[in-house]
Structures are given as C-alpha cells and as structure tokens.
Amino acid sequence: MAARVLNVNVGVLGHIDSGKTALARALSTTGSTAAFDRAPQSRARGITLDLGFSCLRTALPPQLGPGPGELQFTLVDCPGHASLIRTIIGGAQIIDLMMLVIDVTKGMQTQSAECLVIGQIACQKMVVVLNKIDLLPEGKRQSAIEKMTKKMQKTLENTKFCGCPIVAVAAKPGGPEAPESENPLGVSELIEVLKSQAYLPSRDPSGHFLMAVDHCFSIKGQGTVMTGTILSGSVSLGDSVEIPALKVTKKVKSMQMFHTPVTYAMQGDRVGICVTQFDPKLLERGLICTPDSLHTIHAAIISLKKIQYFRGALQTKAKFHITVGHETVMGRVMFFSPAPADFSEEIQENVFDFEKDYLYQEEYLSKDSVSSEENKENDQAGEVQLPKQQWALLEFEKPVTCPKLCLVIGSKLDTDIHTNTCRLAFHGVLLQGMEDKNYTETFLPKLKVYKLKHKEGQVERVMDDYSVIGRSLFKKETNIQIFLGLKVKLSTGEDGIIDGGFGQSGKFKIRIPDGLKPDTKMLLTVASKKKSKGGKGDMTKEDESSKNDSAQPVTVSLSFKRYVFDTQKKMIQS
C-alpha cells in the first residue's frame, strides 16, 4: 500500500512585491501547471496575476499520526496587486494555513492589512514571514528583524492570530536578477515552522462533489484538464461532473495530483481532472460539481458581520462588490435585525427562520452607528444595545452559481487603490438563495421585515367627553379611510381610535373609549380659548410662567408597523 499523503493548503498572501512568488519557489519541490507566474503579462511585469500553485513534500511530522507518510503543502501564491483582490478572495476560501509575507524593509502595507482581514475570515492558522532580510545591512540586521517582529506582534494582538510564529527569510537574496546559485536564507527554518503548524484539517469525502477550478488547458491527444482544489465531497474515475455555469456535464477520463496519476480524490486535495470534448477557453475559473447539486441564484439572505477596519457606515440600498463562491458581482443590500425585544436572544447558526419578524435597518448597526431610535435612547443611558446577529438581503446584478452556506464577502473594490484604506466591508454566510427570477413576487413576500412608522399630530379641540378633533397627522390629500380603526395615544395619556375624517383639510375625529380626563379637557379648553383670543405676544412674563403647562399643545401619536414586502401595504398595530 502506498504511504499516505496528507495535503495541507497554504496560502501565500501579502502586499505586491513582498516576494511571495520567490518564497513559493524557494519552498517548493514540485511546481504544478499553474505555478510561478505562467501568464506572459505576469512574467513581463514581474507580478502574480492569478493564483499560482506549487507543492512542497516533507516527512509527516509526529503530531500528525504514526506510520510512514508524507506531508504535502500545496502553496497557493495569491496575487498582491490591489485590483486583483477578487482573486485573493477566491484563493482564501481553499486555505488551511496562511503565510502572510511582509517586506521587512516596509512592514505592514495596505494590501497586507487586507490579506490579514481575509485570513481572519477564511483561515484558522497563520505564520508571518518577514522577507528580504538580505536588504538589511548585516551589522544592523538582527536588531531590525527584532524591531519588525515586535511591531508585527503588536499588530496581531487583537486578531485571532495573536502569538503566531514570525520567521525571517530572504527567499531570493540579491533580488530577481541574482544568479540561481544564491542560496535562500531561513527557508529550512520556515519549513520546520510550517511542519509544526500543520494540523489535520477536517476532511469529509461524503456529500456532493464540489471543486474550485482555477486553471483550464488542453493537452493534445488527451483532452481538457481542469485543475483546482476540492471544496467538498470526493471524485473518482468515470464519475460525471457538471460545469453549472455552462450547464454542461462531462465524464472524468483521468486524474492527476502533482503529476501522479490517481483514481480518487477528496475534499482538500489539489487535483487535475481530464475530460474530453470541452473547450478550455470556456472556463478559466469557476466551479464544477456533482450534476444538479449547485444552484444559480438572483438574490440571497445572508447573516453578516462588519469588518472592523472598514471605515464608514454600511448603508441599506448601497451597492457592493459581492464575492460568493468563486464569483464577484455587484449587488445591492438591505440590512435587517431581530425585533428589538429579541436583540439579546441567541440565534441558531446557519439557519434562517422565516416565521420570525425582523426590523428593517437604514444601516448595519454597530457601535459607531446610531441609526435606530432605540439605540439613541440607550446611548444616552450610556449603553448601546446591539443585536447578537444581523442579516442582509443581497440582490445581484447578474445571477451567481454557488453552494449553500458558502462564504460571502462584500467590498468596495472601486475605492482608489492608492488610498490607505481597507476595502473589505463585511463578511457572512449565505443562508438562503433565491433561484426564481421573479423572486420579488414569489419569495420576498415570505420575508417578514417591517419598518416602524410613527406619525405625530395635535388635538385641535374637544367635541364632547368621548371625542376630539385632531389635525396635522395627515396631508390634505391622504385617504383617511385606510387609517380607520387604528389606535392613537394622546400626550396626556388617553388611548383613542381614529373614527373618520372631518372636513376637507386632513382633520380627523378621534374616539376616546374611556373618556377624556378632566385635566385634559381643561387643558384643551384653555388652549382653544387662547387660540380664539389670538393674542400674539401680549402675555406678561408672569402669565407665561404660570400658564406654561397650558401652553403645551396636546399631541396625538400614531404608531404602526408595515412589512416592507407586503404588496397590500397593511398597517399593523400590536
């Protein structure tokens, strides 16, 4: 029986020109077809334009189980160029362990910070690599490395990577033009650190097969090879696989893992799958899967969290670049939260409950947002109460194909890449996709998101002990009939019911079932007498202070909720 090979996917992320590709090259023993800047424009510019893959094989360390075997690190070299962040996000979804490459002469840069954010979302463990130490003068090298190490430890203090290993290397001493005979510095130490950080990622061969394809090319006489990483399930020779974006199904003719033919591959493996009669130009990157297992959706409900480094509010109706699965499309968002009474309730993870009522939010609620009225009041009490979970409705500009419960990242990729700011805005999990093109009619009415409406008017005069006339609650042209029977409250405490219109100018009758309080009646009588006198400014100071209370008009408030997607726009009062 062949010795087992455990595959761990290591993402090599960092700012442009931090030396990621050189590091991957120094580490790897076997390059895959996608490795090392294969694109001609990439070689010419000396930057990685696409995910490059190569591998490093080493003996299985003792913490990963007894017996002979090999540990294979698949190195995913993610591009550092800012405009290629879509590709990085695509790569981060298949990563078990991350190497954040930092140019030791420059420290953290904008994209290194964005890579750190992506790592926090998509990855469990990290190693920081301080590269290009050969550029530090030898006499001061050690102290400069120590200084940068301390700086990095401080940066990582409040992240989940606090205390992670930091290793100093020179992947390509002398830079890209230096002769190959120059030996890299610190790389063997880095390999030992990687081995110590390796863990048995949870791999599950059951469930539907799903693979993220990152390269597609033809081999004469063989067919078309799709290389990628298996995200879930497993695949065997002879299986049928679907390319859902093209609605095409093909049979697996042969498979290879880093130039070794195999008959079976499972979740976490990096594999090349050969099929026949398929034009590679049709699929550069995307997903392949068990036939009929993925869905193409026009909108989705996601649970989400704001990324703390994103400056500014997340506004409802704003557009973001939404990365779902391996696609990035523009989408519009609408944020909503639990009803205020349920803010502190524990929410079941990865499940969305259509039976519950949800409160519409003008923006995502965070410590620095004060969009909700409840928050304003609580804030004055010195405590902002935030919901334990928030959601968003995403409406895509074009349909996307993705698995259920996949990672979603929202970003503002059109922000100027030279500004020193994080463009990643939120991340979340896709809970429910809407496959019907007419989802606004067929699906959204099931989503019980409501807005709280509050209107205020004034009592104009008393009709009798059980009724008053109100004004300024409705416009002249409002059809008061639709408000009949709704409950209102007077500022003096009485409950009333809207009984009908009064005249043509938007005034209305209010019935007070329990009758007006004597004080209220007196207050309204005084107010209407003063009105009939119409004396403007002829009160003395003394009169003013003694009559201060009576000068307060009696207000009428009407509160109701309306469901955002209710086609009949019904007004509901509890």
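The values are calculated or read from the model by the stated rules, or taken from the named source; none is laboratory data. Just so it is clear, the model here is predicted, and its values are computed rather than measured. Methodologically, a virtual Cβ is constructed for each residue, glycine included, from the backbone with ideal geometry; neighbour enumeration extends over all protein chains shown. We work out accessible area using only protein heavy atoms, side chains counted, and drop any ligands, DNA or RNA first. Shrake-Rupley method; radii C 1.70, N 1.55, O 1.52, S 1.80 Å.
Quick check, is Gln256 open to solvent by 40 Å² or more (accessible area, probe 1.4 Å), without any contact (Cβ under 8 Å) to a residue 40 or more places away in the chain and more than 30 Å from Pro387 (Cα to Cα)? It is true that Gln256 is open to solvent by 40 Å² or more (accessible area, probe 1.4 Å), without any contact (Cβ under 8 Å) to a residue 40 or more places away in the chain and more than 30 Å from Pro387 (Cα to Cα). Considering only residues that are open to solvent by less than 60 Å² (accessible area, probe 1.4 Å) and without any contact (Cβ under 8 Å) to a residue 12 or more places away in the chain, look in the stretch 151-199 and name the one that is farthest from Gln308 (Cα to Cα). So the residue we want is Ala178. Sort out which residues of the stretch 112-145 are farther than 15 Å from Ile102 by Cα, aliphatic (A, V, I, L, M) and open to solvent by 10 Å² or more (accessible area, probe 1.4 Å), and write them in order of number. Result: Ile121, Ala122. Of all residues in the stretch 274-289, those satisfying the criterion of being outside any loop (DSSP other than H, G, I, E, B) and under 9 Å from Lys250 (Cβ atoms) are Val275, Ile288. When you check Gly515 against the structure, is it modelled with pLDDT under 65 and small (Gly, Ala, Ser), yes or no? For Gly515, the condition - modelled with pLDDT under 65 and small (Gly, Ala, Ser) - is not met. Assess whether Ser218 counts as being part of a strand (DSSP E or B) and open to solvent by 40 Å² or more (accessible area, probe 1.4 Å). Yes; evaluated as a whole, the condition is true for this residue.
Residue-wise test of (1) farther than 30 Å from Val554 by Cβ; (2) open to solvent by 70 Å² or more (accessible area, probe 1.4 Å); (3) over 17 Å from the mean Cα position of the chain (by Cα).
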position: Ala392; (1), (2), (3): yes, no, no
position: Pro403; (1), (2), (3): yes, no, no
position: Lys437; (1), (2), (3): yes, yes, yes
position: Val449; (1), (2), (3): yes, no, yes
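Results for (1) modelled with pLDDT under 90; (2) among the β-branched types (Val, Ile, Thr); (3) under 29 Å from Ala24 (Cα atoms), shown as yes or no for each residue.
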residue	(1), (2), (3)
Leu185	yes, no, yes
Val225	no, yes, yes
Ser236	no, no, no
Lys247	yes, no, no
Ser254	no, no, yes
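For the stretch 463-520, the strands (runs of 3 or more DSSP E) that sit wholly inside it and include 3 or more residues that are surrounded by fewer than 16 Cβ atoms within 10 Å (Cβ to Cβ) are 495-502. In the stretch 240-253, the qualifying residues are those that are open to solvent by less than 60 Å² (accessible area, probe 1.4 Å) and in contact (Cβ under 8 Å) with a residue 40 or more places away in the chain, and the one that is nearest to the chain's Cα centre (by Cα) is Pro244. Taken over the stretch 94-144, the criterion of being of a type outside the set (S, T, N, Q), touching a residue at least 60 places away in the same chain (Cβ under 8 Å) and part of a helix (DSSP H, G or I) is satisfied by Ala113, Glu114, Cys115, Val117, Ile118, Gly119, Ile121, Ala122. When Pro261 is tested against (1) modelled with pLDDT under 95; (2) assigned to a strand (DSSP E or B); (3) open to solvent by less than 40 Å² (accessible area, probe 1.4 Å); (4) not hydroxyl-bearing (Ser, Thr, Tyr), exactly one condition is not met: (3).
Counting the residues of the stretch 476-490 that are modelled with pLDDT under 95 and either within 15 Å of Val459 (Cα to Cα) or among the acidic types (Asp, Glu) (or both) gives 1. Number of residues in the stretch 282-303 that are modelled with pLDDT under 95 and among the aliphatic types (A, V, I, L, M) equals 6. Taking (1) farther than 20 Å from Val488 by Cα; (2) at pLDDT 90 or above in turn, Thr525 satisfies each apart from (2).
The set of residues in the stretch 309-328 that are open to solvent by less than 10 Å² (accessible area, probe 1.4 Å) and either under 14 Å from Ser366 (Cα atoms) or in a strand (DSSP E or B) (or both) comprises Leu314, Phe320, Ile322, Thr323, Val324. Before we move on, is Gly268 assigned by the TED database to the domain that holds Ser232 and at positive phi? The answer is yes for Gly268.
Out of all the residues in the stretch 127-142, is one or more small (Gly, Ala, Ser) and at pLDDT below 90? Taking every residue of the stretch 127-142 in turn, none turns out to be small (Gly, Ala, Ser) and at pLDDT below 90. The set of residues in the stretch 563-574 that are under 21 Å from Asp499 (Cα atoms) and assigned to a strand (DSSP E or B) contains only Ile572. Just checking, does the stretch 338-347 include any residue being among the polar types (S, T, N, Q) and either closer than 22 Å to Phe443 by Cβ or crowded, with 17+ Cβ neighbours inside 10 Å (or both)? Checking the stretch 338-347: not a single residue is among the polar types (S, T, N, Q) and either closer than 22 Å to Phe443 by Cβ or crowded, with 17+ Cβ neighbours inside 10 Å (or both).
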